[in-house]
Every structure is written in structure tokens, then in C-alpha cells.
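*Asks:* The following block contains the structure, expressed as C-alpha cells.
No value in this document is a laboratory result; all are computed from the given coordinates. These numbers come from a predicted model, not from an experiment. Reconstructed Cβ throughout: ideal geometry from the backbone, glycine too, with neighbour counts over all protein chains shown.
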Amino acid sequence: MTDGVYVGNAGKDAALDQGWLLGHFKDVADPRHSEDVEIKWGVHPKGDARAQWVTGETRTTLQVLISGRFRVELRGRSVVLAEQGDYVVWGRGVDHSWFAEEESVVLTVRWPSVPGYRVDRDDSAGPT
């Protein structure tokens, strides 16, 4: 990584940081450090759910279903991503949560990358 280039595998690297591949939480010397955007390769077992709702959202989010069946909960609305390539986008001020109806892989892109949304779990480290 001395040349400012990082080559990896999303599935392998995601397992090291609760799915996150890129964002403000990576070391500043790491090419994957960014305060502009966060990218997550989320591998979720069936029944996996976000530990608590995100409220007071200040970011914009895009979630794309790679495989499985994944439900995004928005206040007053549920969006089910059921076919590969299904996606949902929401912006600032939209409270949300999620639930894996089946084992799922979801690509999440959020911008900007800002601290303050981490939910600690007993078995995890890193942002959610």
C-alpha cells in the first residue's frame, strides 16, 4: 500500500470492519479513508437487524441488493429489495432501519462520511 493504491476483495475486507470498505473511520494513511463517501459490503444473515433506528440523518444513502431479500424501514414505509439490483435512495432527515428477511448481501453508499452513527454490538467493531 506504499503507492497509495489498495487492492482487495470486498467479501474478505468487509469481514474485518463490519462490512465497511471505505469511509472516515479508516486510517488517514489508508487509500480507503474518505470524508466524502462511505461504502459497505454488507453480508447479513437471515434475521439480522439494525440495533436501533437512525434518527437525525445528515447523509444521503443508496442501498443496492446484490443477493437475498432485504427490507429497509423508513418512518411510515417499508421498502423490500427482492431482486438483484433493486435499490433505494433516501436523503437527509429520513429516519431508517433495516432487516434481512433472507441471507443478504447489500452494497451501501453514503455521503458524506461523518462520525456519530455507530451502533456498538457485542460481536462487532466499526460503524453500522
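Quick grid of which residues meet (1) touching a Cys at 6+ places or on another chain (Cβ under 7 Å); (2) crowded, with 16+ Cβ neighbours inside 10 Å; (3) touching a residue at least 60 places away in the same chain (Cβ under 8 Å); (4) more than 15 Å from Thr108 (Cβ to Cβ):
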position: Ala51; (1), (2), (3), (4): no, no, yes, yes
position: Thr55; (1), (2), (3), (4): no, no, no, yes
position: Ile66; (1), (2), (3), (4): no, yes, no, no
position: Glu73; (1), (2), (3), (4): no, yes, no, no
position: Gly76; (1), (2), (3), (4): no, no, no, yes
position: Val79; (1), (2), (3), (4): no, yes, no, no
position: Ala82; (1), (2), (3), (4): no, no, no, yes
position: Gly85; (1), (2), (3), (4): no, no, no, no
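*Asks:* Looking at the range 12-26, which of its residues are closer than 17 Å to Val109 by Cβ and part of a helix (DSSP H, G or I)?
*Replies:* If the condition is that a residue be closer than 17 Å to Val109 by Cβ and part of a helix (DSSP H, G or I), then Asp13, Ala14 are the ones that fit.
*Asks:* Can you confirm whether Val43 is part of a loop (DSSP other than H, G, I, E, B) and either more than 23 Å from Gly91 (Cα to Cα) or in contact (Cβ under 8 Å) with a residue 60 or more places away in the chain (or both)?
*Replies:* The answer is no for Val43.
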